[in-house]
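Have a look at the structure below, then the notes.
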Amino acid sequence: MKSYEKVPSGIPGFDDLVNGGFHRGTVNTITGASGSGKTVFASQFIYEGIRNGEKGMIIMPSESSEFLKREMYSSFKWDFWKLEGDGKLAMVDVTDPVLRLQKSIETDPTEFLISFRKLVEKKVREEKPQRILIDDLMAFFTAVESPFVMRSLADDLFGILRSLEVTALITISEAFGMTQIMEYGADSCTILKRERVGNNMVRSIYIMKMRGSRIANSIRVLDISDDGLAVSTLSPYP
């Protein structure tokens, strides 16, 4: 094929901004501050993929997956426990020995990230998901002092994900101020914001880039309801 196959995101209104969805087999970053909706966005992408017959995988390097499962069920009634039990969803979290090692002893950040990349490759080959979420990698990468090494490690991870032909979403926190290195190597970058407009707190979304696709240049309101996230046709600005 000379052009990418599009993968519907499952986020109402989002695919209108990116001409049909994410490209299959690409790495896509979702960047935002705490509370902007990154994890919900990416979890909805996984959940909707499973509903349409695509196996999902969620990798959580720094916390237990039980917190995510409880959050998504409490907020939206998305039962990740059942999906995991049915073999439609694979979870990898900090209880995995490779990830627990990072928490328990002083490990060289570069060596740990190389081990993490190998772990991701191993798990994807074993489980064979079509969609994958990694939530959130930035805290690990900022432990690497050299921007060049950080970029090289990110490129290695992204390259493995592309070679495995999974469609990957990687959430990135703005809190550490080094998001550009991760975003530079990604195939698409979606930016989520939260800000006060008058007396209201408003979430917004825009597409910074998507290689090989026409994208909308507008900033839209991002709504959260009992059904999940949806991109509005409205602008957050008067």
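The values are calculated or read from the model by the stated rules, or taken from the named source; none is laboratory data. Quick caveat, the model's predicted, so the values are computed rather than measured. Cβ coordinates were reconstructed from backbone atoms using ideal geometry, including for glycine residues, and neighbour counts include every protein chain displayed. Protein only, heavy atoms only, side chains kept; ligands, DNA and RNA dropped before computing areas. Shrake-Rupley method; radii C 1.70, N 1.55, O 1.52, S 1.80 Å.
Taking every DSSP bridge with both residues inside the chain, close to 45 percent are antiparallel.
Across the chain, the mean sequence separation of Cα contacts (distance under 8 Å, 6 or more residues apart), normalised by length, yields a relative contact order of 29 percent. Derived from the Cα gyration tensor, the three semi-axes of the equivalent ellipsoid of the chain are 26, 20, 19 Å, largest first.
Heavy atoms of the protein chains alone define the surface here; on that basis the chain has 48 Å² accessible area per residue at 1.4 Å probe size.
By the helix-only formula, in which each DSSP H run with n ≥ 4 contributes -39500 (n - 2.57) and the sum is divided by residues, the chain has a 222 nm mean residue ellipticity of -11000 deg cm²/dmol.
Going by the alpha-carbon gyration tensor, a ≥ b ≥ c the square roots of its eigenvalues, is the stretch 1-90 rounded (a/c under 1.5) or, if a/c is not under 1.5, prolate (a/b greater than b/c) versus oblate? Prolate is the answer for the stretch 1-90, as a/c is 1.5 or above and a/b outweighs b/c. Looking at the stretch 195-224, the trypsin sites (Lys or Arg not before Pro) that sit in a DSSP loop and have at most 14 other Cβ atoms within 10 Å of their own Cβ are Arg211, Arg214.
Could you look at the chain and say what percent of its accessible area is carbon and sulfur, using a 1.4 Å probe and all protein chains? Summing carbon and sulfur atoms, their accessible area is 49 percent of the total for the chain.
Pick from Asp15, Asp108, Asp187: which is most flexible by mean-square fluctuation in a GNM of the chain where alpha carbon atoms under 10 Å apart are linked? Top of the fluctuation ranking is Asp108. Restricted to Cα atoms, the stretch 149-238 shows a radius of gyration and a Dmax of 15.5, 47 angstrom.
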